[in-house]
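The values are calculated or read from the model by the stated rules, or taken from the named source; none is laboratory data. Here the structure is a predicted model, which means the values were calculated and not measured. Here Cβ is always computed from backbone atoms with ideal geometry, including for glycine, and neighbour counts include all displayed protein chains. When the accessible area is computed, the model is the full protein with side chains, heavy atoms only, and any ligands, DNA or RNA have been set aside. Shrake-Rupley method; radii C 1.70, N 1.55, O 1.52, S 1.80 Å.
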Amino acid sequence: MEWNVIDGKLVNNFKFKSQTELAQFLLKVANYADEINHHPDCKIHKAFQLEISLYSHDKNAITDLDHQLAQKIDTLIN
Ligand SMILES: C[C@H](O)[C@H](O)[C@H]1CNC2=NC(N)=NC(=O)C2=N1
């Protein structure tokens, strides 16, 4: 899946085989987000799907940091 700009946020939807697998991925994302102190908005829906939205709250815009976080998240999926 690709990242898309929707309502001023970088958005991607990740699908998993179980909610446990989803949660394991989310924990990796959260660990990295805490490391860099830049955090995604996340929504678990339809049981096994994780929608991640990235934008910089302080700037109310998509910044380089959001693009970097998106790239990192893509590496964590495998
Ligand atoms: C208080 C704390 O440092 C801020 O809220 C940080 C944390 N994580 C953040 N994450 C994002 N995506 N945008 C921010 O502006 C931001 N600010």
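Inclusion of LEU22 among residues that are at pLDDT 95 or above, part of a strand (DSSP E or B) and surrounded by 13 or more Cβ atoms within 10 Å (Cβ to Cβ) is not warranted.
Residues in region 37-78 that are more than 11 Å from the ligand (Cβ to nearest atom), of a type in the set (Lys, Arg) and open to solvent by 90 Å² or more (accessible area, probe 1.4 Å): LYS43, LYS46.
Taking first residues from region 32-44 that are part of a loop (DSSP other than H, G, I, E, B) and partners that are near the ligand (Cβ under 7 Å from one of its atoms) and open to solvent by 70 Å² or more (accessible area, probe 1.4 Å), the Cβ contacts under 9 Å between residues at least 6 apart in sequence or on separate chains come to HIS39/HIS57. For region 8-19, filtered to residues that are within 15 Å of the ligand (Cβ to nearest atom) and without any contact (Cβ under 8 Å) to a residue 60 or more places away in the chain, the residue that is least open to solvent (accessible area, probe 1.4 Å) is VAL11.
Scanning region 25-36 for residues that are open to solvent by 90 Å² or more (accessible area, probe 1.4 Å) and within 11 Å of the ligand (Cβ to nearest atom) returns a single hit, ASP34.
The residue pairs whose first member lies in region 57-68 and is touching a residue at least 12 places away in the same chain (Cβ under 8 Å) and closer than 17 Å to TYR32 by Cα, whose second member is open to solvent by less than 100 Å² (accessible area, probe 1.4 Å) and not in a helix (DSSP H, G or I), and whose beta carbons are closer than 8 Å, counting only pairs six or more residues apart or on different chains, are LEU65/HIS38; LEU65/SER56; ASP66/LEU10; ASP66/HIS38; ASP66/LEU54; ASP66/TYR55; ASP66/SER56; HIS67/LEU10.
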